[in-house]
Amino acid sequence: GSAASITGGCYLYHRSMIRIPTLSDASNTFEVVSGFSTSTSPTGGSKNTARIAYKHDIYGGRLYGYTSDNSNTTYVDLGVAVAVNKVYILETYMNKQCTEVRFFVNGEYRGRSTANTPVTGAVVFPQAAIIKSVGTTARSLYLSEISATYLYPN
């Protein structure tokens, strides 16, 4: 995807449509992430990041949002239990002041973070990925849509 520099004068918006055919567990553990980050690789660290994510052992397998600046991360339980083969539309919005990130799941507001948001001047990339960490059995993520918008108002 293309990059955008967070200038403090633009709104950032990320949307993806995903489906997970097999859930993460202790023997085949993975994380699904959707949002934006300064790294072009989803495993490249979490500095200056705003994402919605899923992993079986975080918040009991519910979707969560997180934001990070250059040094700290804030996590938000979005209260949505992930189900096999259910389609999820994940949306992440950051205000133009870089002070708030809002998280939406299937069009419904599910939470926000006002701490440790990506910093002005960071260059971010849109992402949606599955990151396998334990086990040898292949796991899939179906991604049917991904988009990112950087809106600079007059």
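The values are calculated or read from the model by the stated rules, or taken from the named source; none is laboratory data. All values derive from a computational prediction rather than experimental measurement. Here the Cβ positions follow ideal geometry from the backbone for every residue, glycine too, while neighbour counts run over all protein chains shown. What goes into the accessible areas is simple: the full protein's heavy atoms, side chains included, and nothing from ligands, DNA or RNA. Shrake-Rupley method; radii C 1.70, N 1.55, O 1.52, S 1.80 Å.
Looking at (1) over 10 Å from ALA128 (Cβ atoms); (2) of a type outside the set (A, V, I, L, M); (3) open to solvent by less than 50 Å² (accessible area, probe 1.4 Å), which one does ARG19 not meet, given that it meets all the others?
(3)
For the stretch 102-123, which residues satisfy the criterion of being touching a Gly at 6+ places or on another chain (Cβ under 7 Å) and not charged (D, E, K, R)?
Within the stretch 102-123, PHE103, GLY111, SER113, THR120 meet the criteria.
Would you please name the residue that is modelled with the lowest pLDDT, looking only at residues in the stretch 34-45 that are more than 8 Å from the chain's Cα centre (by Cα) and surrounded by 20 or more Cβ atoms within 10 Å (Cβ to Cβ)?
Looking at residues that are more than 8 Å from the chain's Cα centre (by Cα) and surrounded by 20 or more Cβ atoms within 10 Å (Cβ to Cβ), I get PRO42.
Identify the residue in the stretch 10-49 that is small (Gly, Ala, Ser) and assigned to a loop (DSSP other than H, G, I, E, B) and, among all such residues, is nearest to LEU151 (Cα to Cα).
Per the stated criteria, the residue is SER39.
Specify the residue that is nearest to ALA53 (Cα to Cα); the eligible residues are those in the stretch 81-95 that are of a type outside the set (S, T, N, Q) and surrounded by fewer than 16 Cβ atoms within 10 Å (Cβ to Cβ).
Step by step, filter the stretch 81-95, then rank; the result is ALA81.
Please work out which residue is farthest from LEU12 (Cα to Cα), limiting yourself to the stretch 96-105 and to residues that are open to solvent by 20 Å² or more (accessible area, probe 1.4 Å) and in a strand (DSSP E or B).
PHE104
Looking at THR120 and the list (1) open to solvent by 70 Å² or more (accessible area, probe 1.4 Å); (2) under 30 Å from ASP25 (Cβ atoms), which single condition is not satisfied?
Going through (1) open to solvent by 70 Å² or more (accessible area, probe 1.4 Å); (2) under 30 Å from ASP25 (Cβ atoms) one by one, THR120 breaks only (2).
Could you check the stretch 138-154 and list, in sequence order, the residues that are open to solvent by 70 Å² or more (accessible area, probe 1.4 Å) and modelled with pLDDT of 85 or more?
Listed by number, the residues that qualify are ALA138, TYR142, LEU143, SER144, ILE146.
In the stretch 106-140, what count of residues is obtained for those that are assigned to a strand (DSSP E or B) and closer than 16 Å to LYS55 by Cα?
7
Are there any pairs, at least 6 apart or on different chains, whose C-beta atoms fall under 9 Å, with the first in the stretch 24-37 and closer than 11 Å to ILE52 by Cα and the second among the hydrophobic types (A, V, I, L, M, F, W, C) and not in a strand (DSSP E or B), and if so, which?
Partner pairs satisfying both residue conditions: GLU31/ILE58; VAL32/ILE20; VAL32/VAL82; VAL32/LEU141.
How many residues does the stretch 69-112 contain that are over 21 Å from SER140 (Cβ atoms) and aliphatic (A, V, I, L, M)?
4
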